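The values are calculated or read from the model by the stated rules, or taken from the named source; none is laboratory data. Because the structure is a prediction, the values reported are computed rather than measured. Methodologically, a virtual Cβ is constructed for each residue, glycine included, from the backbone with ideal geometry; neighbour enumeration extends over all protein chains shown.
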Amino acid sequence: MVPLMPEAFVLFKTEPTHERDVYLALADHKGVAEVHALYGEFDLLVRISSPNAKELSSMLMNTFRRIDGVKETQTLIAVEA
C-alpha cells in the first residue's frame, strides 16, 4: 500500500477587506490544493497537503498564520477511515 501524504482542511478568518489578498497568497502556495471563498463565520476554506507531518505543521504554523490579513485559523487534519 502506498502511504498517503498528510492532508488537512483549514478554515480562515481574515481581517475585513483582506479576503482577496489572503485568497491570492494561499492560491500561490505549492502546498495548497484548493482554496474556496465562503459566506458565514469563516472567510476561506483551504485543502493542503505535504510530503510529511512535520512539513504540514511547519506550513500551518510558520507560513499560513503569518500571511498579512489572517486573523484566525482552524485546522482539521484528515485521517484515513
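Is it true that E41 is surrounded by fewer than 17 Cβ atoms within 10 Å (Cβ to Cβ) and either among the hydroxyl-bearing types (S, T, Y) or within 12 Å of K13 (Cα to Cα) (or both)?
Values: surrounded by fewer than 17 Cβ atoms within 10 Å (Cβ to Cβ): yes; either among the hydroxyl-bearing types (S, T, Y) or within 12 Å of K13 (Cα to Cα) (or both): yes.
Criteria met by E41.
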### Message
I'd like to know if region 29-43 contains one or more residues that are at positive phi and either small (G, A, S) or in a loop (DSSP other than H, G, I, E, B) (or both).
### Response
yes
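Please go through region 44-81 and give me each residue that is of a type in the set (G, A, S) and surrounded by fewer than 13 Cβ atoms within 10 Å (Cβ to Cβ), ordered by number.
Here is the first cut: in region 44-81, the ones of a type in the set (G, A, S) are 49-50, 53, 57-58, 69, 78, 81.
Scanning region 44-81 gives A53, A81.
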### Task
Go through region 44-70 and count every residue that is within 13 Å of M5 (Cα to Cα), aliphatic (A, V, I, L, M) and either at pLDDT 95 or above or part of a strand (DSSP E or B) (or both).
1
### Task
Please enumerate the residues belonging to region 27-38 that are closer than 11 Å to V10 by Cα and of a type in the set (A, V, I, L, M, F, W, C).
V32, V35
### Summary
If we keep only residues of region 1-23 that are hydrophobic (A, V, I, L, M, F, W, C) and exposed (fewer than 12 other Cβ atoms within 10 Å of the Cβ), then the residue modelled with the lowest pLDDT is M1
